[in-house]
1. Please work out how much length the chain gains when fully extended from Asp13 to Lys31, using 0.36 nm per residue of separation minus the C-alpha to C-alpha distance, in nm with one decimal.
2. Quote the FRET efficiency, to the nearest 0.05, computed for Arg114 versus Arg203 with a Förster distance R0 of 25 Å and r equal to the Cβ-Cβ distance.
3. Once phi is turned into θ = phi - 60°, what whole-Hz ³J(HN,Hα) does the Karplus curve with 6.51, -1.76 and 1.60 give for every residue of region 101-110, x standing for Gly and Pro?
4. Evaluate Rg over Rh across region 1-48, taking Cα atoms for both radii and Kirkwood's formula for Rh.
5. Multiplying the sequence separation of Ala126 and Ala63 by 0.36 nm and subtracting their Cα-Cα distance, what value in nm do you get?
6. According to a simple spin-label model (label point 7 Å from Cα along Cα-to-Cβ), what is the distance in nm between Glu186 and Ser86?
7. FRET efficiency for Met41 and Ala99, Cβ-Cβ distance as r, R0 = 41 Å, nearest 0.05?
Amino acid sequence: MKRAGLSTEKVLDAALDLVDREGVAALSMRKLGRELGVEAMTLYYYVPSKEAVLDGLVERTLAGVETRPQGPWREWARGFAIAFRSALLAHPGLLPLLAARPVATPGGLATAERAAQALVDEGFTASEALHVITTLGTFVIGQVLAEAGRVPGQEGPDPEPDLDPARHPVLARALAAGLGTPRDHEERFHFALDALLAGLRPRG
């Protein structure tokens, strides 16, 4: 029986809260039911399975960062990468999910199709268009994983090395200049994104 006040969106909200605190590996229908004050079986009126919950989180993330593919392709691709990074920094617990789970929902596939078609219109083949999309996605995920440092549910990163300036003068200067700070992460992201976008082009 459906429960008054509960909806698919509220189930996904609770799932995201749980992932934010404990990570994707901790997500289960039983835990999710406890978060919402219901039995796990009640959730199946709103989502058919745990897999549907995971797909819903992927689709919600992509829908929240979608940049309409209009104008020069590098401009909207840059906008997508920047928005995707912001979304993942806000919810680093989603990183393992976005890294490993293919887009399979109607909304997510529609988003990918619009981007791919816009790239084909710019001279990319269908395969090249998909390569551009996946390359941008994996680039952002990798950058955010390094930037976040710790994903909920996992151990934190190893401490920074204690460098001897006499033996590693360049690395020591980089660390002294603020390597690993929020400003450094921001600059590194845009430096790498500029290089990546400049190198992506139709090969035919």
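Readers should treat all values here as calculations from the given coordinates under stated rules, not as data from a laboratory. These numbers come from a predicted model, not from an experiment. For neighbour counting, all protein chains shown are included, and Cβ atoms are generated from backbone atoms with ideal geometry for every residue, glycine included.
1. On the way: separation 18, 0.36 × 18 = 6.48 nm, distance 1.35 nm.
Taking 0.36 nm per residue and subtracting the Cα distance, the gain is 5.1 nm.
2. Numbers: r = 22 Å, r/R0 = 0.88.
That gives a FRET efficiency of 0.70.
3. Rounded to whole hertz, the list is 9, x, 6, 9, 8, x, x, x, 5, 5.
4. Working: Rg = 9.9 Å, Rh = 10.6 Å.
When Rh is taken as the Kirkwood radius, the ratio is 0.94.
5. Numbers: separation 63, 0.36 × 63 = 22.68 nm, distance 2.21 nm.
Full extension from Ala126 to Ala63 adds 20.5 nm.
6. 1.3 nm
7. Values: r = 31 Å, r/R0 = 0.75.
Working from the Cβ atoms, E equals 0.85.
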